[in-house]
2 protein chains.
Amino acid sequence: MKFIRVLFLFSFLVQGAFGQAPGKYVMVIHGGAGTILKSSMTPEREKAYRDELTKALQAGYKLLKAGKPSLDAVEAAIRVMEDSPLFNAGKGAVFTNEGRNELDAAIMDGKSLAAGSVAGVTTIRNPISSARAVMEKSEHVMMVGAGAEKFAKEAGLEIVDPKYFWTEDRWKGLLKARRDDSVKNLQNKKGGLLGTGNHDYKFGTVGAVALDKNGNLAAGTSTGGMTNKKFGRVGDAPIIGAGTYANKLVGISCTGWGEFFIRNVVAHDVAALMEYKGLSVKDAANELIMKKVPNLGGDGGLIALDKDGNVAMPFNTAGMYRGTVTRDGKIEVLIYKD
Amino acid sequence: MKFIRVLFLFSFLVQGAFGQAPGKYVMVIHGGAGTILKSSMTPEREKAYRDELTKALQAGYKLLKAGKPSLDAVEAAIRVMEDSPLFNAGKGAVFTNEGRNELDAAIMDGKSLAAGSVAGVTTIRNPISSARAVMEKSEHVMMVGAGAEKFAKEAGLEIVDPKYFWTEDRWKGLLKARRDDSVKNLQNKKGGLLGTGNHDYKFGTVGAVALDKNGNLAAGTSTGGMTNKKFGRVGDAPIIGAGTYANKLVGISCTGWGEFFIRNVVAHDVAALMEYKGLSVKDAANELIMKKVPNLGGDGGLIALDKDGNVAMPFNTAGMYRGTVTRDGKIEVLIYKD
C-alpha cells in the first residue's frame, strides 16, 4: 500500500515536470511529403536528412524543456530547416518560372488565435520569423511581396541578397521543370494557360507544431512553393486555416499540393472535426489526408498535435520527412512508410 | 379531395420551376458593414445605395432565372458593385498608405469546391472576374501582385490604368486617415510598427452568394481592403475559408475587420458548425458574428445562404448594406438594423 502511494507520488511528479504524462509528444515536425523512395536515396543523403530533422527537433525541444512558449519552439525548429539547403524553404527554396525564389510562411498561436503570415517574399532570410513579426509587431495577419519585405526590414529581421537562396540542385530542378513544362504545353489540348502537373514540383514544405509546459499549442509552416510556379502563385502554407492552424485543442501544419489544401481548408477542417464532431486527432487527420484531399485529386500530408500530446502524421505519398520528440526528450525521425 | 390533389400538383409545379419552394431565397449580397447610421445619411445617398444594390441583385437574378449557374450570378452581381464608386471594391476602392488602390477578390464553387482568388492587384477592372479566371483557366487557386495581373491579361480580362480607380471621396478618406494615423502614432506607447485602429477604415467590401436551379451554391467577395493599409497587407476577402467559402451545404461571404475573420477562419467555420454540429445557417452565422469575432475584439458581418434557400445576414456594426432576392423575384434591400 505504501509502495503504491510512493509510485503514485512519483508518477505525479514526473507528469508535473512537463505538465503531462511521460511518453506523450511535445513537438512534431515535417520536411515535406512526396515521391521519396528508399530505392532512389543514397545512405549519405538519407543521413543528411535524418541529421537535419534531428537538429530541428533538438532546437525546439531545448526551448520547451526550458519552459519557453510553443511559439519559440516552432520558430526555432523551422529556422533550422529554412537554413538547410535540403528543404524547400528559406535556403533551398525552389525556383519560380522566372528564376526567382519566392517564399511563403505562416505561424499561429493556439492560445490567443494570433497569427502572422507572409507570401511572395524574396529577401527575408527566415520567412517564419517575419511571419511572427507580422503577428506580434503589426495589426495585420498577412502581408505580401515588397510590402512584407519592407515591414520585415523595419522590424529588424535579417535581409539577404536574393542570390542567398540560389542552390545548384534547385536550379537544375527548374531547368528540368521548364523542359517538362514545354512538352506538357505542347500536349495540352484543354487550352489551359498553365500546363504543369508534375507532382514532384509541389513538395518539400517544412512545418512544426509544439505543445509547451503551460499546455499551449503553436503551429508554423514555411515553403518555397512549387518549382516553376508562375503568375505570383500562392499555395496553402501562408493561408491560415489551409496549411497552418492552431487553437487550444490542436495545432496543424500541412505539406502537399497546395491548391487542394486551400480548397479543403485542411488545417481548420481537422480542428473542426475534432471540436464539433468529437473525432480524435488521428481520425480527423486521416479524414482529410486519406479521403477529402485525394477525393479531389490532390496529395500530400500533414502533422497534427493535440493538447494532450497525441500526434498524427498521415500522408498519401510515398514518403514524408517527419519527426517527433516526447516530453522525456526521445527523438524519432521517419522518412518512408514504416 | 380533387381540389387538394390539384393544389398539390400546382405547388409541385411552382417548386419545380426554380427547384425549391417559393419564397425561399436564391441570392443574397452585401456592400459592406460599418458605422452606417441613418442620422449621417442623406436621402439622396441612401437612394443611390438602394438603387445600386437593387441593380446588383437584378443582374444576378436574371441569370439564375434563365437557368445559369450560381457562379455566373455571383460574378454578375459583384461586377455591378465593383463598377460603382459607392462600394470599396473595383472603382471606389480605398487607397493604401502609398496612394495606390490594391484590390483583392475570391470566388468559390460549392459543387466542385473549385476556387480562385487574387490579391494586391492594381490594374484589373473587375477583380472578381480575374479570380474566376484563376479558378477556371489555371491550375492554381491564388495569385498575387504583378503575377496575377499578367495572368489576367493573358486570360483576356479588361486591364485599366491604375488611375481608373481614383475617386475624390476615397482620396479624401486617405488624407483623413493619414492625419489620424500620425496622431495615433504619436500617442502609441506600445511601440507597435502600425498605429491605425479606426474601425471605419476597414469596411465596404462587397460580396454575393447564389443558389441556382440545379441546387448549386457559389460565393464571391471583392474589396479594396482598408484605407491607409501598408506593407502589402491582405485581408480576409481573398482567403478561401476566411472571407469566402462555399460547399454543397452553404455559401458565405464576409465583410469586416479582416484580421479577425482570418484568425477565426470565419466562412469555413460557419460551414463546419452546420455540417458537423447540425446548426442552422442562422445559428452558425450568429455564433461567429455575435460571439467568436467580437470575443477577439473584431467586428463586421457576413451573408450566408444554404442549399434549402435559407439566408442569414448578421452584423455587429451599426449597419450593413445588404439585399436578398427570392425565387419569385422579390427583392429586399436593407441598410440599418431593421
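Any read-out appearing in this document is the output of simple, stated calculations on the displayed coordinates, not a laboratory observation. Because the structure is predicted, anything quoted here is derived from the model rather than measured. All Cβ positions, even for glycine, are placed from backbone atoms using ideal geometry, and neighbour counts span all protein chains on display.
With a Förster radius of 25 Å applied to the beta-carbon distance between residue A:330 and residue A:282, the computed FRET efficiency rounds to 0.80.
Note on chain A: GNM, Cα springs under 10 Å; of A:87, A:95, A:231, the largest mean-square fluctuation is that of A:231.
Need one value for B:267-275: mean number of C-beta atoms belonging to other chains within 10 Å of its residues' C-beta atoms.
Mean partner shielding for this stretch: 4.
Computed from the C-alpha gyration tensor, the three semi-axes of the ellipsoid equivalent to the range A:55-127 are 25, 16, 7 Å, from longest to shortest.
Of all beta bridges that DSSP places with both ends in the range B:15-336, some 90 percent have antiparallel geometry.
Distances from residue A:178 to itself in the other copies, using label points 7 Å out along the Cα-Cβ axis, amount to 4.2 nm in increasing order. For q values of 0.07, 0.16 Å⁻¹, compute log₁₀ I(q)/I(0) with the Debye formula on a Cα-only model of the range A:15-336, without solvent. Each listed q corresponds, in turn, to -0.24, -1.31. Computed over neighbours whose Cβ is under 15 Å from that of residue A:100, the net charge equals +3, Lys and Arg +1, Asp and Glu -1. Orientation-averaged projection of the protein assembly as shown equals 35.5 nm² [convex hull of Cα atoms, one quarter of hull surface area].
Relative to the longest principal axis of the C-alpha atoms of chain A, give the angle of the C-alpha long axis of helix A:127-137, reported between 0 and 90° and rounded to the nearest 10°. With both axes taken from Cα atoms, the answer is about 60 degrees. Cross-link pairs exceeding 25 Å in C-alpha to C-alpha distance, out of B:137/B:229; B:282/B:330; B:176/B:229, comprise B:137/B:229.
Per residue of chain A, the DSSP helices (runs of n ≥ 4 H) give a summed -39500 (n - 2.57) that works out to -11500 deg cm²/dmol at 222 nm. Take residue A:296, project a point 7 Å from its Cα along the Cβ direction, then tell me which residues of the range B:267-306 have their backbone nitrogen under 13 Å from it. Label zone hits: B:268. Mean partner shielding of peptide B:116-123, defined as the number of other chain Cβ atoms within 10 Å of each residue Cβ, is 3. Distance distribution note for the range A:203-246: the fraction of Cα pairs above 17 angstrom is 41%.
Once the Cα atoms are used to define both axes, helix A:43-65 deviates from the longest principal axis of chain A by about 50 degrees.
Roughly how crowded by other chains is peptide A:132-139, in terms of the mean Cβ count from those chains within 10 Å of each of its Cβ atoms? Show your work: numbers first, answer last.
Working: counts 0, 1, 4, 1, 2, 5, 7, 12.
Per residue, the number of nearby Cβ atoms from other chains is 4 on average.
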